[in-house]
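Accompanying notes for the structure given below.
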Number of protein chains: 2
Amino acid sequence: MPGYPIGGVARQSGVKVPTIRYYEQIGLLPAPARSESNRRHYAAADIRRVSFIRHARELGFEIEAIRTLLTLQDDPAQPCATADRIARARLAEVERRIRSLAALKVELKTMIKGCSHGHVAECRVIEVLADHGKCARSHH
Amino acid sequence: MPGYPIGGVARQSGVKVPTIRYYEQIGLLPAPARSESNRRHYAAADIRRVSFIRHARELGFEIEAIRTLLTLQDDPAQPCATADRIARARLAEVERRIRSLAALKVELKTMIKGCSHGHVAECRVIEVLADHGKCARSHH
DNA sequence: CCTACATTCTATAGCGACTAGAGGAGCAAG
DNA sequence: CTTGCTCCTCTAGTCGCTATAGAATGTAGG
């Protein structure tokens with residue numbers, strides 16, 4: 001029995017079975033060999049590829065970015081400027097999100113501190129959300 | 001002409017016209033009065049409500065959480081313990097997201113620093129993605 | 001008043017990245 | 001031989017919008 005069944009790939013890569021089939025459907029993963037009874041049989045390289053995709057997804061790369069990274073991986077003689085650019089764009093995005101979340105955190109804390117545990121009429125959770133002007137920080 | 005047209009609400013709230021109609025469709029926004037020619041006419045309170053929704057969305061609240069907050073606002077006799085609980089849950093979520101993004105940022109920076117600007121074969125961006133063991137942090 | 005353009009209306013379909021379910025076939029163990 | 005797991009395909013649903021089509025209405029300039 002050559003290769004791994006889809007469930008084995010799922011276990012080893014941490015990607016769910018339907019997601020693996022989905023990746024095949026959108027062309028991120030090559031269609032593997034099939035058994036007599038039409039079951040997918042994967043090679044070790046496929047497991048590495050799925051793991052690559054999973055890791056990249058965890059890092060927040062979009063499918064199209066991963067597609068580009070995978071074509072780069074398939075041809076290691078290419079210069080890595082593109083990979084570098086994709087990673088840098090992702091870093092910028094992550095830093096932007098961290099800044100925005102940090103501002104958000106301050107505001108939520110202010111809201112919670114301001115909540116008098118009385119009624120909604122005096123509750124700043126509602127107030128702050130209803131009126132942007134009452135924000136702790138006003139720039140977002 | 002009483003009230004604001006949908007475009008005016010969009011400009012004042014910063015929420016796009018189709019999105020406002022969508023909010024009405026899912027029952028987040030009450031169906032406003034209509035003109036002779038079937039156009040929506042909003043009151044100032046509606047603009048505040050749309051701003052509330054926008055602000056809450058920016059803070060990362062899900063639609064269902066916003067729906068809860070809005071029902072609280074619609075009935076100010078209620079205690080705000082529920083709103084407080086929602087805000088606290090959101091704060092925990094935000095803090096979790098910040099931690100995860102910070103780890104991610106470290107990893108991306110390491111990847112980019114390791115890029116020799118040569119070929120893909122020696123590029124750490126690809127390498128790190130291909131082999132989880134080479135991560136700066138291994139916990140994710 | 002006429003024309004041109006902007007805005008609005010409804011209804012439907014699409015996006016990303018999956019996830020869930022139906023309905024059926026195969027396979028391995030007791 | 002039956003039980004229960006895995007696998008197959010296909011379709012539809014999720015969330016929070018966004019885009020498009022085609023029609024009607026509103027507004028401003030000439």
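Order of B:123-130, B:100-107, A:75-82 by packing, highest average Cβ count within 10 Å first? Could the numbers behind the result be given before it?
On the way: B:123-130: 22.9, B:100-107: 16.8, A:75-82: 14.2.
The peptides rank, most packed first, as B:123-130, B:100-107, A:75-82.
Across the residues of B:87-94, average count of Cβ atoms on other protein chains within 10 Å?
Numbers: counts 12, 6, 1, 6, 7, 1, 2, 8.
Average neighbour count from other chains, rounded to a whole number: 5.
How much length, in nm to one decimal, is gained on full extension between B:ARG88 and B:SER100, taken as 0.36 nm per residue of separation minus their Cα-Cα distance?
Numbers: separation 12, 0.36 × 12 = 4.32 nm, distance 1.85 nm.
That pair, B:ARG88 and B:SER100, stretches by 2.5 nm at full extension.
Thinking of region A:1-57 as a set of Cα atoms, what percent of all their pairs are more than 17 Å apart?
Values: 404 of 1596 pairs.
Counting pairs separated by more than 17 Å, the tail of P(r) holds 25 percent.
Pairs to check: A:LYS16/A:LYS113; A:LYS16/B:LYS109; A:LYS109/B:LYS105; A:LYS105/B:LYS109; A:LYS109/B:LYS16; A:LYS16/B:LYS16. Give those whose C-alpha atoms are more than 31 Å from each other in this structure.
Working: A:LYS16/A:LYS113 42 Å; A:LYS16/B:LYS109 29 Å; A:LYS109/B:LYS105 24 Å; A:LYS105/B:LYS109 24 Å; A:LYS109/B:LYS16 29 Å; A:LYS16/B:LYS16 36 Å.
In this structure, A:LYS16/A:LYS113; A:LYS16/B:LYS16 exceed 31 Å between Cα atoms.
Where Rh is the Kirkwood radius over the Cα pairs of region B:1-134, the temperature 4 °C and the viscosity 1.567 mPa s, what D in µm²/s does Stokes-Einstein return? Numbers along the way, then the final one.
Details: Rh = 18.6 Å.
My calculation gives 70 µm²/s for D.
So for region B:1-67, averaging the separation of alpha carbon pairs under 8 Å that are six or more residues apart and normalising by length, what relative contact order in percent results?
On the way: 59 pairs, mean separation 25.0, N = 67.
Rounded, it is 37 percent for region B:1-67.
Can you list, shortest first in nanometers, how far A:GLU58 lies from the same residue in the other copies, with each label 7 Å from Cα toward Cβ?
Shortest to longest, the spacings are 3.4 nm.
Stokes-Einstein diffusion coefficient for region A:56-115 at 10 °C in a medium of 1.306 mPa s, Rh from the Kirkwood formula over Cα pairs: what value in µm²/s? Write out the running numbers ahead of the final one.
Details: Rh = 13.8 Å.
Rounded, D is 115 µm²/s.
Can you give the extra length, in nm with one decimal, that the chain gains between B:ARG11 and B:ASN38 once fully stretched, where that is 0.36 nm per residue apart less the Cα-Cα distance? Walk me through the numbers on the way to the answer.
Working: separation 27, 0.36 × 27 = 9.72 nm, distance 2.05 nm.
Gain on extension, B:ARG11 to B:ASN38, equals 7.7 nm.
To the nearest 10 degrees, how steeply does helix B:81-113 sit against the main Cα axis of chain B, on a 0 to 90 scale?
With rounding to tens, the tilt is 30 degrees.
Can you give the relative contact order of region B:1-113 as a percent, counting alpha carbon pairs under 8 Å and 6+ residues apart? Let's see the in-between values first.
Values: 67 pairs, mean separation 24.0, N = 113.
Dividing the mean separation by the residue count of region B:1-113 yields 21 percent.
Against the longest alpha carbon principal axis of chain B, how many degrees, from 0 to 90 and to the nearest 10, is the axis of helix B:44-58 turned?
10
If you put a point 7 Å past Cα along the Cβ direction, how far is that point for B:GLY14 from the same point in each other copy, in nm, smallest first?
3.6
Averaged over all directions, how much area does the convex hull of the C-alpha atoms of region A:46-90 cover when projected, in nm²?
On the way: hull surface 11.9 nm².
Its Cα hull, projected and averaged over all orientations, spans 3.0 nm².
What nm distances, shortest first, do you get from the label point of B:ALA103 to those in the other copies when the point sits 7 angstrom along Cα to Cβ?
Between copies, matching label points for B:ALA103 lie 2.7 nm apart.
Which residue of chain A is nearest the rotation axis onto chain B, counting by its Cβ, and what is the distance in whole Å?
So the chain A residue sitting closest to the axis is A:ILE98, 3.
With the dipole of chain B worked out from charges on the C-beta (+1 for Lys and Arg, -1 for Asp and Glu) around the Cα centre, which of B:ILE26, B:LEU108, B:LEU91 lies farthest toward the positive end?
The residue sitting most towards the positive pole is B:LEU108.
Every number here is computed from the coordinates shown, using simple stated rules; none is lab data. Bear in mind the structure is a predicted one, so any value in this text is a computation, not a measurement. Cβ coordinates were reconstructed from backbone atoms using ideal geometry, including for glycine residues, and neighbour counts include every protein chain displayed.
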